[in-house]
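> First the structure, which I've put down as structure tokens, then a few questions once you've had a look.
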């Protein structure tokens with residue numbers, strides 16, 4: 001018998017299930033409240049009878065995760081390595097800003113996209129995360145630090161739009177006023193450019209911030225850095241982004257990882273400015289997180305500022321991402337990769 005992940009269900013779905021089983025509607029609200037508050041088992045639901053708890057265990061399960069490793073940066077950033085119920089490992093990063101706490105979460109175990117500069121992609125793809133497993137990353141960090149997280153970034157391990165249905169369910173649950181209550185305008189979703197899903201997302205008009213990993217201004221260069229560009233080229237991607245802006249009236253953030261003498265030249269900056277001309281967008285210039293796996297070198301900071309200045313002179317808003325947690329390898333994939341290597345090196 002396959003058990004149902006009750007933490008990935010909406011309150012309405014639980015109510016419907018309970019009604020069909022002859023369970024009073026108010027019981028669904030009780031169970032949902034326990035789940036939202038982080039109950040890890042039905043036995044913890046003390047205002048529900050033992051017989052009902054036993055019945056629930058026969059049909060549903062509540063997924064859990066454990067903190068496998070935790071690294072704290074001198075700037076306060078915390079990197080979590082979580083172990084899932086099946087033993088798989090994922091990563092999340094908790095960041096503290098003046099406006100509050102923000103958390104970058106994973107949506108998959110591994111990634112299929114295979115971008116040349118990404119450590120996560122080098123480890124391959126294992127499986128999608130359920131909506132509940134995305135929620136658990138937030139809840140675990142909140143409980144561990146006795147805080148409330150106010151902003152979410154889907155930019156950890158995995159490609160969110162490759163796990164579209166589970167991500168949409170997560171967005172529904174995390175923004176539920178009866179749940180964590182994190183509004184869509186406080187959520188950012190990053191994609192490498194799965195064009196058909198960008199159109200689908202635009203039609204939902206969710207009002208979240210869409211971040212698009214561009215990293216190159218032309219197809220030749222982007223093909224060498226991102227395999228996804230061979231499926232949907234830059235023209236396709238930009239068309240989808242313009243549609244997203246049209247449908248949502250939301251500014252798009254184009255992520256651009258700066259790689260020394262690869263995509264950080266004056267020519268690239270001018271070409272990028274021309275590509276994005278007239279769009280409601282801004283460019284987020286990201287210092288490359290160097291790793292042995294990629295072999296790439298991050299751009300000299302002077303080249304980054306020069307690139308930024310060219311964009312701004314051409315009317316393109318650009319920022320340089322603040323680097324957090326560099327001393328604890330906070331970039332996605334690095335902690336998991338290090339943990340796996342340590343395990344492999346054991347006698």
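> Scan the stretch 140-153 residue by residue and report those that are in contact with a helix residue (DSSP H, G or I) (Cβ under 9 Å, 6 or more places away or on another chain) and more than 12 Å from residue 181 (Cα to Cα).
First pass over the stretch 140-153, keeping only residues in contact with a helix residue (DSSP H, G or I) (Cβ under 9 Å, 6 or more places away or on another chain): 147-152.
147 - this is the single residue of the stretch 140-153 that is in contact with a helix residue (DSSP H, G or I) (Cβ under 9 Å, 6 or more places away or on another chain) and more than 12 Å from residue 181 (Cα to Cα).
> Tell me which residues, restricted to the stretch 244-259, are over 16 Å from residue 318 (Cα atoms) and surrounded by fewer than 16 Cβ atoms within 10 Å (Cβ to Cβ).
Within the stretch 244-259, 246, 247, 249 meet the criteria.
> For the stretch 143-172, how many residues are in a loop (DSSP other than H, G, I, E, B) and touching a residue at least 24 places away in the same chain (Cβ under 8 Å)?
Quick first cut of the stretch 143-172, residues in a loop (DSSP other than H, G, I, E, B) only: 146-148, 155-159.
Now restrict to residues that are touching a residue at least 24 places away in the same chain (Cβ under 8 Å): 147-148, 155-159.
The total comes to 7.
> Next question. Is there a residue in the stretch 276-296 that is crowded, with 16+ Cβ neighbours inside 10 Å and over 23 Å from the mean Cα position of the chain (by Cα)?
Checked against the condition, which is being crowded, with 16+ Cβ neighbours inside 10 Å and over 23 Å from the mean Cα position of the chain (by Cα), the stretch 276-296 yields at least one hit.
> Starting from residues that are touching a residue at least 40 places away in the same chain (Cβ under 8 Å) and in contact with a helix residue (DSSP H, G or I) (Cβ under 7 Å, 6 or more places away or on another chain), keep the ones in the stretch 222-237 and report whichever is surrounded by the most Cβ atoms within 10 Å (Cβ to Cβ).
My answer is 237.
> Being under 24 Å from residue 266 (Cα atoms) and in a helix (DSSP H, G or I): is that true of residue 197 here? Full working, then the answer.
On the way: under 24 Å from residue 266 (Cα atoms): no; in a helix (DSSP H, G or I): yes.
The answer is no for residue 197.
> Whether any residue in the stretch 98-116 is surrounded by 13 or more Cβ atoms within 10 Å (Cβ to Cβ), on the phi < 0 side of the Ramachandran plot and without any contact (Cβ under 8 Å) to a residue 24 or more places away in the chain is what I want to check.
Scanning the stretch 98-116, I find no residue that is surrounded by 13 or more Cβ atoms within 10 Å (Cβ to Cβ), on the phi < 0 side of the Ramachandran plot and without any contact (Cβ under 8 Å) to a residue 24 or more places away in the chain, so the answer is no.
All of the numbers you see were taken from the coordinates with simple rules; none came from a lab. Small disclaimer: the values here were computed from a predicted structure and weren't measured. Heads up, the Cβs are rebuilt from the backbone with ideal geometry, glycines too, and the neighbour counts pull from every protein chain shown.
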